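Report on one structure; see the data block that follows.
The values are calculated or read from the model by the stated rules, or taken from the named source; none is laboratory data. Note that this is a predicted model, so its numbers are computed, not measured. Reconstructed Cβ throughout: ideal geometry from the backbone, glycine too, with neighbour counts over all protein chains shown. When the accessible area is computed, the model is the full protein with side chains, heavy atoms only, and any ligands, DNA or RNA have been set aside. Shrake-Rupley method; radii C 1.70, N 1.55, O 1.52, S 1.80 Å.
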Amino acid sequence: MMALGTLLRKPPLPPGSCRAFWGWLNAVFNKVDHERIRAVGPDRAASEWLLRCGALVRYQGSPKWQQDYNALPTGPLGRYKIEAINATDSCIMYRGFDYLDGLEHVTDIRLEKCMYIQDECLQRLSETNNLQKSLQQLRIISCGNVTDKGILALHKLRNLEYLYLSDLPGIREKETTFRVLQQALPKLELELDLE
């Protein structure tokens, strides 16, 4: 009986294998499907991506946050336009940011505790033409891979009115970074909660 128990016992997983699995799965969730974007429109495809990765979306004219992938609203193509994105604790990463290209009505984005958000993501966000026109509020909180370089890249978001930064240990040159950003965006209200 003892030999059977020994045979049925699973061998221990090598260190890091569980993390590697989740990293792989998150990369799959972020893979861009350009055919899907053409078929259902940019807002629906982006909604599917964001919810699949654990983020929330809010549509124009609605006070409610959409959080259930299986309850995404249906209707005519282009009826639901994303107005706000809350990516708190989500697995969104750079490779999925192509989904943002067609979004024309996003005014508010919250990136909080996003382990895959890094400088390249913020640069990509600021280079998205539609977001340069529409984005008014951005919150970046507890994203440990963001540095001064990523914050400086935000200068291209010409209509950004409010930027909240908190718990970003990668920001080392605070005064210089924020002075340059304020010069580039003089109307920007910058709120900081950094040690």
*Which value, in debye to the nearest 20, gives the size of the charge dipole of the chain about its Cα centre, when Lys and Arg are +1 and Asp and Glu are -1 at the Cβ?*
560
_Can you compute the helix-only [θ] at 222 nm over the chain? Use -39500 (n - 2.57) per DSSP H run of at least 4 residues, normalise by all residues, nearest 500 deg cm²/dmol._
-9500 deg cm²/dmol
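Using 19 Å as the Cα-Cα cut-off, could you pick out the over-long pairs in 31/81; 64/113; 156/187; 133/156? All intermediate terms of the calculation are to be shown ahead of the outcome.
Working: 31/81 21 Å; 64/113 22 Å; 156/187 13 Å; 133/156 10 Å.
Checking Cα-Cα distances, 31/81; 64/113 exceed 19 Å.
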*asked:* Please state the shape class of region 22-122: rounded when a/c is under 1.5, otherwise prolate if a/b exceeds b/c and oblate if not, all from the C-alpha gyration tensor.
replied: prolate
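Could you look at the chain and say what percent of its accessible area is carbon and sulfur, using a 1.4 Å probe and all protein chains?
52
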*Any chance you could run the full-extension gain for residue 35 through residue 167? It's 0.36 nm times the residue separation minus the Cα-Cα distance, nm to one decimal.*
43.7 nm
_Efficiency of FRET between residue 60 and residue 89 - r from beta-carbon atoms, R0 25 angstrom, step 0.05_ = 0.55
*For residue 153, what charge total do you get from the other residues with a beta carbon under 12 Å from its beta carbon, if Lys and Arg give +1 and Asp and Glu give -1?*
-1
